[in-house]
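Below: the structure, in structure tokens.
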Amino acid sequence: AGLVLIPSVPSPSTSGDLKEMFRLASRLGPELVESAARSGAVFASVTRMDGAFGFNGRGIDHPLQGALAGLIKTAAVEWETVHCRAIDVAPDWPDTAAVAAMVADELLHHRQEDAVEIGLDQKRRSTLVLEDAPLLAAEPSVRSLETGDVVVISGGARGVTAAVALALAVDTQPKLILLGRSPAPEPEPLWLRELTDEAAVKRAILHHEFNGNSTPVQLESAFRWHMANREVAATLAAIHKTGSEAHYHSVDVRLASAVRRVIDSVRAAHGPVRAIVHGAGVLEDRLIVDKKPEQFERVFDTKVKGLENLLAATTQDPLRHLVLFSSVTARMGNRGQADYAMANEALNKIAQQFAARHPHCRVKAVNWGPWEGGMVSAGLSQEFRRRGVELISIASGARHLVDEMCRTDDPAVEVVVGATLSGVNVREVLPDGATLSDISKSDAAAGLSLTFQRDLDIGNHPVLRSHVIGGKAVVPLALMTEWFAHGALHGNPGLLLQGLDDIRVLNGIKLDRGKKHIRLMAGKALRKQGAYEVPLELRDGIHGKVEVIHSRARAILVDELPPAPPYRIPAKLTRRSYDRTIAEVYDLILFHGPDMRGLREITHLSADGMVANVAPAPAPSAWVKEPLRNRWLSDPLALDAAFQMATIWCFEEKGAVSLPSYCAAYRQYRSRFPAEGVTAVLEITTAGDHKMRGTVTFLDADGTVVAQMTGCEAVMDPALQKAFRPAAA
């Protein structure tokens, strides 16, 4: 019924201790889950770092203990019924009886609102909270390194670490020492150099290396070797073009003697090491109860032992930068990645210790969200996108890492960087004159130009008086979609708007300081599957060298609108009527003022969805003093009413209100919405505790489809209720 892991104190925990504790958790996990189903169970760790998981700023004597919090947080995800707590007690608290009583209280009393991590010292009990902050570009006068400085980068010369190396090369032309598991590159044979298609490459390998006779496994292995060889060689060539030196060494960072030999030879040839970027890592995803010891060791040792070996080999070097590639998995836990969470939490705490002991070295443990490429496979990337989790582009991430190294105004050692994390939107930064946009085809900002710009305030957009959240006017997503439509058509006269894809809110537009300057950026229309696709971004004005992307989408334009698809309201949606009046809905659940009250009547609501009658939007001039057009391209009131329906459904079925965050696709089947209004049908696809996903279909009086939104997502948060109705709260 209970497993409590307590490292030996005052002796520092070793990797062996942690591996043994993981084996205990793996072996006893099924019993804990079984006990939890019957009468309850507890799984916990008690560490003694500083009483706040290293965030007191005084340094940590035993940083490896921090790995246990990664295990507990992952268990909390995998074993939802087990009471999981990671408790860190101040090491200078001498009253053992008082400590024991406090720990017992945490283990025996389940406070639903608490985080998994609890810090205890003699004066306070603390928890850790993510604090949203803008990603600011570094000042151009501040450089991360000096030209010719020796920088050691683990993680190889491929993927993410290759992009980081190239970004540093562009920034300061250092001497880059790349350490990876792949063999050092060899010249490609002549018969392979011009081939890029996978099938053609494999045919050539089969012919030239196997004389037409090999097993599929042998052929695949040879193919992967050649592609890795090509990628490493290409990375080194790209770095050399910037004027930087780059040297590749094939080494297993888990082997201390091998790492020391490489670093000693580098120091002898190029001078002292000035910076370490530790990006090496592997994944062996398995549930805690299924993970084998050797899998755990590969994952944990690559991160932790690899870092320990690099630091040991550079003890006498004047390091100015230590940058560690950690993961958001360490901060939050992730199903199947207990070993990865533990390893990265250990990295986070080693970084805290190193920063306290080396004040002249800039130390950053960057807990990255998921990247495009790297260890995110194509299948996992698709799953992230299905869940609305935006991936960090290779170019943007590499740019940000260089900026993070340059910044002198942020003393934080552990930072979490991503696009969308647990419903928290994080800003993406695009410095002027960025030189890396050509590294990644996925850089969404490439090739966009200004379509229109304007200043927003209540005076010129009076509709915003009816869209106030937490005391601040907020631009509704429905109005942003109208701007997207206008921006796409502005440069493509003669085409018609069929819809928008991947509508994503990155940062809401809040009028918290008077006027807000916004700019609509559009790319060129590209022919795709019988239509034209236009990338779009809504940004704010430029402040220094930083601009914030508020939202983005891709417009779909056509020569002629397709016919509406057949549709019938599912019978399951009309089996239960809705009792609240519209007045009650707007008074008790929603925050919308008179201009945004688009719902006329909600006729049905059930666990499967809801049906409502929706009013048409007034003329654009009623909402905006200087509208872009004299009539709407869609109907922003109808679209906003659909998001209102999502909020109502979440409130009635899940007990929490919501805000829209993403829509996979919007399609419109006529040039304008009916003047008399529409019927809106919300069908729930999936719904968890924090996010709802569904489809909204708009029908005219005859039941014909006017438009449809698919893959719409709304993020639920109990705290939103106070923002919706601050006076009542």
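Numbers for the structure displayed
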read-out: Out of 573, 590, sole residue that is touching a residue at least 60 places away in the same chain (Cβ under 8 Å), open to solvent by less than 10 Å² (accessible area, probe 1.4 Å) and in a helix (DSSP H, G or I); value: 573
read-out: Unmet requirement for residue 478, which otherwise passes all of (1) at pLDDT 85 or above; (2) in contact with a strand residue (DSSP E or B) (Cβ under 8 Å, 6 or more places away or on another chain); value: (2)
read-out: Long-range neighbours under 7 Å by Cβ, at least six apart or interchain, first residue touching a residue at least 24 places away in the same chain (Cβ under 8 Å) and closer than 12 Å to residue 277 by Cα within segment 156-181, second among the charged types (D, E, K, R) and surrounded by fewer than 24 Cβ atoms within 10 Å (Cβ to Cβ); value: 156/181; 176/245
read-out: Condition met for residue 291 (of a type outside the set (A, V, I, L, M, F, W, C), open to solvent by less than 60 Å² (accessible area, probe 1.4 Å), assigned to a helix (DSSP H, G or I) and touching a helix residue (DSSP H, G or I) at 6+ places or on another chain (Cβ under 7 Å)); value: no
read-out: Pair list, Cβ < 8 Å and 6+ apart or interchain, from segment 233-252 residues that are without any contact (Cβ under 8 Å) to a residue 24 or more places away in the chain to residues that are surrounded by 21 or more Cβ atoms within 10 Å (Cβ to Cβ); value: 240/246
read-out: Residues of segment 17-34 classified as of a type in the set (Asp, Glu) and either buried (at least 22 other Cβ atoms within 10 Å of the Cβ) or closer than 15 Å to residue 67 by Cβ (or both), total; value: 2
read-out: Residue 685, sole failed condition from (1) in a strand (DSSP E or B); (2) at pLDDT below 95; (3) in contact with a Pro (Cβ under 9 Å, 6 or more places away or on another chain); value: (3)
read-out: Residues that are assigned to a loop (DSSP other than H, G, I, E, B) and touching a strand residue (DSSP E or B) at 6+ places or on another chain (Cβ under 7 Å), drawn from segment 629-654; value: 633, 634
read-out: Looking only at segment 666-686, and only at residues there that are of a type in the set (Val, Ile, Thr) and farther than 14 Å from residue 600 by Cβ, the one that is most open to solvent (accessible area, probe 1.4 Å); value: 685
read-out: From 635, 702, 689, residue being farther than 23 Å from residue 570 by Cα, open to solvent by 30 Å² or more (accessible area, probe 1.4 Å) and acidic (Asp, Glu); value: 689
read-out: Of residues in segment 694-708 being out of contact with any Lys or Arg (no Cβ under 8 Å at 6 or more places or on another chain) and touching a residue at least 40 places away in the same chain (Cβ under 8 Å), the one farthest from residue 658 (Cα to Cα); value: 704
read-out: Some residue of segment 173-185 being at positive phi and crowded, with 24+ Cβ neighbours inside 10 Å; value: no
read-out: Members of segment 705-717 found to be among the hydrophobic types (A, V, I, L, M, F, W, C), within 16 Å of residue 498 (Cα to Cα) and either under 28 Å from the mean Cα position of the chain (by Cα) or surrounded by fewer than 19 Cβ atoms within 10 Å (Cβ to Cβ) (or both), listed by number; value: 709
read-out: Sole exception among (1) more than 17 Å from residue 665 (Cβ to Cβ); (2) surrounded by fewer than 16 Cβ atoms within 10 Å (Cβ to Cβ) for residue 495, by number; value: (2)
read-out: Selected residue [assigned to a loop (DSSP other than H, G, I, E, B), without any contact (Cβ under 8 Å) to a residue 60 or more places away in the chain and out of contact with any Pro (no Cβ under 8 Å at 6 or more places or on another chain)] from 568, 580, 539; value: 580
read-out: Breaking point among (1) open to solvent by less than 60 Å² (accessible area, probe 1.4 Å); (2) farther than 23 Å from residue 363 by Cβ, for residue 304; value: (2)
read-out: Qualifying residue in segment 153-161 (condition: assigned to a strand (DSSP E or B) and either surrounded by 14 or more Cβ atoms within 10 Å (Cβ to Cβ) or modelled with pLDDT under 85 (or both)); value: yes
read-out: Residue in segment 40-51 that is over 22 Å from residue 123 (Cα atoms) and assigned to a loop (DSSP other than H, G, I, E, B) present; value: yes
read-out: Condition check for residue 47: farther than 25 Å from residue 326 by Cβ and either within 30 Å of the chain's Cα centre (by Cα) or open to solvent by less than 10 Å² (accessible area, probe 1.4 Å) (or both); value: no
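Okay, residues lined up against (1) more than 15 Å from residue 342 (Cα to Cα); (2) of a type in the set (Ser, Thr, Tyr); (3) surrounded by 22 or more Cβ atoms within 10 Å (Cβ to Cβ); (4) in contact with a helix residue (DSSP H, G or I) (Cβ under 6 Å, 6 or more places away or on another chain):
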{"site": "55", "(1), (2), (3), (4)": "yes, no, no, no"}
{"site": "66", "(1), (2), (3), (4)": "no, no, yes, yes"}
{"site": "96", "(1), (2), (3), (4)": "yes, yes, no, no"}
{"site": "124", "(1), (2), (3), (4)": "yes, no, no, no"}
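Here is a yes/no grid of residues against (1) among the hydroxyl-bearing types (Ser, Thr, Tyr); (2) buried (at least 20 other Cβ atoms within 10 Å of the Cβ); (3) in contact with a Lys or Arg (Cβ under 7 Å, 6 or more places away or on another chain); (4) without any contact (Cβ under 8 Å) to a residue 12 or more places away in the chain:
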site	(1), (2), (3), (4)
452	no, no, no, no
457	no, no, yes, no
476	no, yes, no, no
482	no, yes, no, no
485	no, yes, no, no
490	no, no, no, no
510	no, no, yes, no
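The values are calculated or read from the model by the stated rules, or taken from the named source; none is laboratory data. The structure presented is a predicted model; accordingly, all values stated were derived computationally and were not measured. Don't worry about glycine lacking a Cβ; one is built from the backbone with ideal geometry, like all the others, and counts go over all protein chains shown. The protein model used for the area step is the full one, side chains on, heavy atoms only, and it has no ligands, DNA or RNA in it. Shrake-Rupley method; radii C 1.70, N 1.55, O 1.52, S 1.80 Å.
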